[in-house]
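To keep things clear, I will list the structure first and then write my remarks on it.
The values are calculated or read from the model by the stated rules, or taken from the named source; none is laboratory data. Keep in mind the model is a prediction, meaning the values are calculated, not measured. Cβ placement follows ideal geometry from the backbone for every residue including glycine, while neighbour counts extend to all protein chains displayed.
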Amino acid sequence: MASFDLSLTLRTTDAIPALIRARTADFEDLNGRVLGDAGDLQAALDGAAGQFTSILAWDISTLSAEDRQLWTGAAVALTYAAMVSDMWADHVEEFREGREELLEEWNTAVADCEGRVPGEYSASRITSTFPERRGFWSDENTCRDLYEELVEKRTSVSGRFDTLWTAYQEHAEEIGDMLEEGATKVNVQKLIDGGYANWAFYNLDPNRYTMLVDGRELTEENAQEWSTELAAYWSGDRPLDDRYHELMLMMAMIGTNAKQAQNTGGGFRSEEIDFLEAFYTNLELETGGHYMGVLAVPELMDGGHMSGEEREHALGVLGDGLLTLSDEDLGGGYDLLPESVRRATEGPFLYETGADEPPYLLATYQDDARALSQLLRYTDDELQGGDAFSTNLTLGAGAYMHYWGVEGENGWVVSEDLAPLVEVGTRNEDANHYVLTGEYPDGRETIPGLPDFAPHERTNAVEGLLTYDWHDDGATARGLIDWIAEDALSEDAEVRDRAGTAAAGFIETVTTAEMQEALTDTGIDVGDSEDASFTEFNPELADAFAGVFDSYIVSFAESAIEDGANNDELITGVGEYNPDTGAFNIGIQERSAYMQYLMGDEDSAARVITSTAAYEYAATEFYIATGDTELAARGPATLHSLIELGISMELDDRVGDDASAQQRREELYGFAFDEAGGLAEKIPVVGALINKGLELGSDPIVEHLAASNVEITPNVPSHGNESEEARRVNQQVEFLAHILTSGNEAVVQGPGEERIRELEEYGIVTYTQDGSIRVETDRGKWDVTNEPGGGADEAANALHAALNSTQIDPLNREPANGNTMYNEFATPYNTRYELVQEIGRRETEDDE
């Protein structure tokens, strides 16, 4: 193996997270002794607001106030030490993990370059001078290029490590300062911001760590006074001091309380909503009225009188307050938000100006959107806005992208500015449901605060969000969709049904003829691809689409094509979600459009191909066990046909000749081969979906799929490219693989030893080191060199004979040999495949 005279050494640290966390545990144990609590001290101390005496197990009621304060001080010090220790452990862990990732990146690059050294120098040590460059395409030039590639990689890794090391040193200095200074309000705020503290310090010493928990503090007068004071701090008129940090701590705790109420369903006092309304109403006036108002605050903070960290924290607290005030479930509402915020939220395409109000110009929106983006960028990611606020954030930003798109970045609002608006808006899944379907989960088509223009702009906004050339490849926008796949298998029926109705509405929204044209002819060029599909430049969105496909694969596979009760009229559109089956009907046109999107991105195409292979495997297992012919034929044939339709439709738009199209098809299946290792994990999930979606009641088969440990790979389909006999052999060998390797109890007799030996001769069957059988389903790897003309007729005959010698006893039919079972599903399989192809292509041509 070749080597390079390049090395990389990265500094390390003696600090070990596990040992630091052991000290954290020691502090907590000691604190438990001080407080006399042997239970879950952390939960009792930090989980919610309470009284110190209710946490303390010892009776200290007879002690003097001075002695009680000493006891409190000890508990505060130990609590603080434990939390700072935990914070330090996280910093050390972050540094060590970052360092290991960089080393792994370097070692991988070295190994890659060593493996690419040309044969002449494959055992040489490549140095800065050896070998010297020679002719244009010479091995020497290749060696020099590889050496320079490694030098560049080392420089890159070293630079990123320097950044990591600097951050680590800064964290070490900060932790030292925090331990030296003790539990000051500023340091306690750092622990709260980092997620290490919640109510602990208030519970231990409420006089010192004042929080907004006393209803008597929640007055309109205080709200106005505090907003005036804070505005003076933010503008630089007053320097930051202890009073500022006290006010910020109080405001932060309202957000913390709101987050707890959202996450636990607990109560949130109306006094807190009233306080926030008065606070923001006064702040709107303090900072210029509703034409500037609250949106002027981020610019006020830019004078250099606040550090970056102080500014981000203040904006985060302000943003958290807006989310809390907007939440209808907490007693808030969209109408309670400052007008400047509401106008920027809706944007120029949703906001309806009043009779005496000037038009909302794009130039004005530019500044407003950036300011609102700053207010929302640093909010707590576990806190969400109300339904109307969240809906309007997503629709407003999406509508802007629809009308202006990338052109809007030429002096208007850029992707990085729009991302926080969409990220915060899509945290609310009920709001996402409306954006994707036009209805909220309870069936309402409008709610208080939803603009009149919302229904008209909804589909425009969805198109804008999907076709926008995101700086993060669509990672932000996928929040609009990801929750559907995540909730599809929830044990909570209400959550599961909400995801199902959203999936049906989402697919209907994105597969209309108008939307298909917009999503596949975006006007954006990607490499050699002109007018690319949105999934080519937003692969994160492609992956989100693939997630929905995986979760509702039964709907894509088993939906009816023609209405038998209505003269076999073609079924179009998307049907209603059925909570009993977890599925819904999708028309061929809609399925084809959706599949075209998925085939536009290599990774999503590979994911869909592997999911289809898993579906085919599970469906075949159900067939062997039950004898249900339609089950084995309908779904797998439909999915394979849809994949081919999707590939063809996408390639027709991008590739000019059949040879290039076939090459691209094989490339996509090649990517699927690389992902085949995850197929075994997909099979039991898909099996459960089939069992439920088709109401089979075959739980033992699902359990069998979960227990099986199989090796399967997706094969390039031969439809249209090979003879019918070749296609038949492909299907037969896959069926044989089930019989020999799946362990299905319906298989009562496998091929005899003589038949197995024949299969071994042709490389169709091999034995692994542990003695188990492996079936080679790729005919290109069979050993047919000894046959006349190098053909595969004898191998096919051996395969046929092996299937004939097997015996299967399904639940719902008479026993039969493997060949009979195969023949009974092959015909309906091919019929279904061709039907989907015929209708899909006909519908596509009609649209053109």
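Structure summary
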read-out	value
Test: residue in segment 515-530 that is assigned to a strand (DSSP E or B) and in contact with a Lys or Arg (Cβ under 7 Å, 6 or more places away or on another chain)	yes
Helices (runs of 4 or more DSSP H) contained in segment 402-494 and holding at least 1 residues of a type in the set (D, E, K, R) and over 20 Å from Leu372 (Cα atoms)	429-437, 454-467, 479-487
Unique match (being surrounded by 16 or more Cβ atoms within 10 Å (Cβ to Cβ), modelled with pLDDT of 75 or more and either outside any helix (DSSP H, G or I) or aliphatic (A, V, I, L, M) (or both)) among Leu705, Leu689, Leu679	Leu689
Elements of type helices (runs of 4 or more DSSP H) contained in segment 5-94, each with 3 or more residues being at pLDDT 95 or above and surrounded by fewer than 17 Cβ atoms within 10 Å (Cβ to Cβ)	none
Residue tally, condition more than 16 Å from Tyr594 (Cβ to Cβ) and crowded, with 22+ Cβ neighbours inside 10 Å, over segment 502-525	1
Segment 595-630, residues that are outside any helix (DSSP H, G or I) and closer than 25 Å to Gln732 by Cα	Gly627, Asp628
Unique match (being among the acidic types (Asp, Glu) and modelled with pLDDT of 80 or more) among Glu758, Glu725	Glu758
Which numbered condition Gly582 fails, given (1) touching a helix residue (DSSP H, G or I) at 6+ places or on another chain (Cβ under 6 Å); (2) at positive phi; (3) at pLDDT below 90; (4) not hydroxyl-bearing (Ser, Thr, Tyr)	(3)
Answer from Gly255, Gly288 - the residue that is in a loop (DSSP other than H, G, I, E, B) and not hydroxyl-bearing (Ser, Thr, Tyr)	Gly288
Residues of segment 290-344 classified as among the acidic types (Asp, Glu) and more than 25 Å from Gly195 (Cα to Cα), total	5
Lone qualifier among Glu220, Glu149 - being in the same structural domain as Gln260 (by TED's automatic domain parsing), surrounded by fewer than 19 Cβ atoms within 10 Å (Cβ to Cβ) and either at pLDDT 75 or above or touching a Pro at 6+ places or on another chain (Cβ under 8 Å) (or both)	Glu220
Condition check for Leu598: surrounded by fewer than 19 Cβ atoms within 10 Å (Cβ to Cβ) and either modelled with pLDDT under 95 or within 21 Å of Ser533 (Cβ to Cβ) (or both)	no
Hits in segment 367-386 - residues which are within 20 Å of the chain's Cα centre (by Cα) and polar (S, T, N, Q)	Thr379, Gln384
Which listed residue, of Glu776, Glu734, is of a type in the set (Asp, Glu), buried (at least 16 other Cβ atoms within 10 Å of the Cβ), at pLDDT 80 or above and farther than 17 Å from Ser805 by Cα	Glu776
Total residues in segment 481-498, condition crowded, with 20+ Cβ neighbours inside 10 Å and either in the same structural domain as Gly582 (by TED's automatic domain parsing) or β-branched (Val, Ile, Thr) (or both)	3
Residue list for segment 742-754, filter: more than 18 Å from Pro810 (Cβ to Cβ) and surrounded by fewer than 20 Cβ atoms within 10 Å (Cβ to Cβ)	Gly752, Glu753, Glu754
Options Ala252, Ala183, Ala232; residue that is at pLDDT 85 or above, over 30 Å from Thr353 (Cα atoms) and surrounded by fewer than 16 Cβ atoms within 10 Å (Cβ to Cβ)	Ala232
All positions within segment 317-366 that are assigned to a helix (DSSP H, G or I), of a type in the set (A, V, I, L, M, F, W, C) and free of Cβ contacts under 8 Å to residues at least 40 places away in the same chain	Ala363
Lone unmet requirement of (1) within 28 Å of Asn823 (Cα to Cα); (2) at pLDDT below 70 for Asp657	(1)
Scan of segment 311-345 for residues that are buried (at least 24 other Cβ atoms within 10 Å of the Cβ), farther than 28 Å from Gly265 by Cβ and under 27 Å from the mean Cα position of the chain (by Cα), ordered by number	none
Segment 782-802 residues that are more than 16 Å from Glu760 (Cβ to Cβ), paired with ones that are modelled with pLDDT under 80 (beta carbon under 8 Å, 6 or more apart)	Gly790/Val784; Gly791/Val784; Asp793/Glu787
Condition check for Thr509: of a type in the set (S, T, N, Q) and not in a loop (DSSP other than H, G, I, E, B)	yes
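Quick grid of which residues meet (1) surrounded by fewer than 16 Cβ atoms within 10 Å (Cβ to Cβ); (2) assigned to a helix (DSSP H, G or I):
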{"position": "Glu120", "(1), (2)": "yes, yes"}
{"position": "Ser128", "(1), (2)": "yes, no"}
{"position": "Arg134", "(1), (2)": "yes, no"}
{"position": "Thr142", "(1), (2)": "no, yes"}
{"position": "Gly159", "(1), (2)": "yes, yes"}
{"position": "Glu170", "(1), (2)": "yes, yes"}
{"position": "Leu191", "(1), (2)": "no, yes"}
